[in-house]
Amino acid sequence: MLERLKNIFAGLESAYGATKLTNELRADGKNEVKSFTIKQPVTNLLWEKHLNGDEPALGIVPINENNQCKWGCIDIDTYPFDHKKLITKIREKKFPLIVFRSKSGGAHVFLFTRFFVPASLIRQKLQIMASALGFAKAEIFPKQSNIKADRGDIGNFLNMPYHGGDKTVRYGIGDDGQSLTIDKFIDEYEKYVQKE
């Protein structure tokens, strides 16, 4: 399971993000966090700790050293948020997206590809879909189409789901609006992952 998640959420290998909750809330209802980037390789141990719920949680930079991605995300910071309503809209438009609850209760809306594709293509597709769904101003990950990895650029990371494994508040959500275990998420991934 760990290897599978690591493969699905593959990105930059030379650095990762770390996020700790501070147990304080901002005025907009979002959890206060301390986030930082660590320039070290992404390891199985980091994923193990993340799935065990150890702090800090793991963040992955979607864009790799070759300016390619296997996933992208529309980050919707609206609270409270009706995930089921968004999923209904996504399915009506036949978009191959999977919705996750973010740590603060917003939505992380993922597009997955089986193989690495240009980051610019993922960004372009997600911007079109975000606009069609009424979230044109939402943040898109990857935030960059290009990074100069040879100069030390690392891009921006996104906090990974399933911090704490199946006992998490950062879970995928099925078409029925119910939370998905990791195994059920992998089934959904197989249903919606793009092959080209």
Item to check | Positions within the stretch 79-101 being touching an Asp or Glu at 6+ places or on another chain (Cβ under 9 Å) and either open to solvent by 10 Å² or more (accessible area, probe 1.4 Å) or aromatic (Phe, Trp, Tyr) (or both), in sequence order | outcome: 79, 84, 88, 91
Next on the checklist: I'd like the residue in the stretch 148-189 that is closer than 26 Å to residue 119 by Cβ and basic (Lys, Arg) and, out of all such residues, is farthest from the chain's Cα centre (by Cα).
Outcome noted: 151
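Here's the yes/no breakdown for (1) open to solvent by 20 Å² or more (accessible area, probe 1.4 Å); (2) touching a Cys at 6+ places or on another chain (Cβ under 9 Å); (3) of a type in the set (S, T, N, Q); (4) modelled with pLDDT of 95 or more:
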site	(1), (2), (3), (4)
114	yes, no, no, yes
118	yes, yes, no, yes
125	yes, no, no, yes
132	yes, no, no, yes
139	yes, yes, no, yes
142	no, yes, no, yes
146	yes, no, yes, no
150	yes, no, no, no
155	yes, no, no, no
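So, in the stretch 65-78, of the ones that are out of contact with any Asp or Glu (no Cβ under 8 Å at 6 or more places or on another chain) and open to solvent by 10 Å² or more (accessible area, probe 1.4 Å), which residue ends up modelled with the lowest pLDDT? Lay out the reasoning, then the answer.
So in the stretch 65-78, the residues out of contact with any Asp or Glu (no Cβ under 8 Å at 6 or more places or on another chain) come out as 66-73, 76, 78.
From the residues that got through so far, the ones that are open to solvent by 10 Å² or more (accessible area, probe 1.4 Å) too are 66-68, 70, 78.
Values: 66: 95, 67: 96, 68: 97, 70: 98, 78: 82.
Step by step, filter the stretch 65-78, then rank; the result is 78.
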Checklist entry - Using beta carbons and a limit of 7 Å, which pairs, at least six apart or on different chains, have the first residue in the stretch 176-193 and among the β-branched types (Val, Ile, Thr) and the second one assigned to a strand (DSSP E or B) and open to solvent by less than 30 Å² (accessible area, probe 1.4 Å)? => result 193/112; 193/113
Checklist outcome for this item: The correct count of residues that are in contact with a helix residue (DSSP H, G or I) (Cβ under 7 Å, 6 or more places away or on another chain) and surrounded by 17 or more Cβ atoms within 10 Å (Cβ to Cβ) in the stretch 157-181 is 7
Checklist entry - Scanning for something surrounded by fewer than 17 Cβ atoms within 10 Å (Cβ to Cβ) and of a type outside the set (S, T, N, Q), does the stretch 54-64 turn up at least one residue? => result yes
Next on the checklist: Whether any residue in the stretch 79-94 is among the β-branched types (Val, Ile, Thr), more than 16 Å from the chain's Cα centre (by Cα) and modelled with pLDDT under 95 is what I want to check.
Outcome noted: no
Checklist entry - Of (1) modelled with pLDDT of 95 or more; (2) more than 17 Å from residue 69 (Cβ to Cβ), residue 169 satisfies all except one. Which? => result (1)
Item to check | So residue 51, is it open to solvent by less than 40 Å² (accessible area, probe 1.4 Å), at pLDDT 95 or above and over 20 Å from residue 116 (Cβ atoms) | outcome: yes
Checklist entry - Only one residue in 140, 154, 147 is touching a residue at least 24 places away in the same chain (Cβ under 8 Å) and assigned to a strand (DSSP E or B), so which one is that? => result 140
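Just to verify a result, which residue in the stretch 178-196, among those that are assigned to a loop (DSSP other than H, G, I, E, B) and closer than 14 Å to residue 97 by Cα, is modelled with the highest pLDDT?
We begin by selecting, within the stretch 178-196, every residue assigned to a loop (DSSP other than H, G, I, E, B); these are 178, 181, 193, 195-196.
Checking the rest, the ones that are also closer than 14 Å to residue 97 by Cα come to 193, 195.
On the way: 193: 98, 195: 92.
Of everything passing the filter in the stretch 178-196, 193 is modelled with the highest pLDDT.
Per-residue answers, yes or no, for (1) more than 23 Å from residue 86 (Cβ to Cβ); (2) of a type in the set (Ser, Thr, Tyr); (3) touching a His at 6+ places or on another chain (Cβ under 6 Å):
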position	(1), (2), (3)
148	yes, no, no
170	no, no, yes
189	no, yes, no
195	yes, no, no
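The values are calculated or read from the model by the stated rules, or taken from the named source; none is laboratory data. Here the structure is a predicted model, which means the values were calculated and not measured. Because the Cβ atoms are built from the backbone with ideal geometry, glycine has one as well, and the counts that use them run over all protein chains shown. Keep in mind that these areas ignore ligands, DNA and RNA; they rest on the heavy atoms of the full protein, side chains included. Shrake-Rupley method; radii C 1.70, N 1.55, O 1.52, S 1.80 Å.
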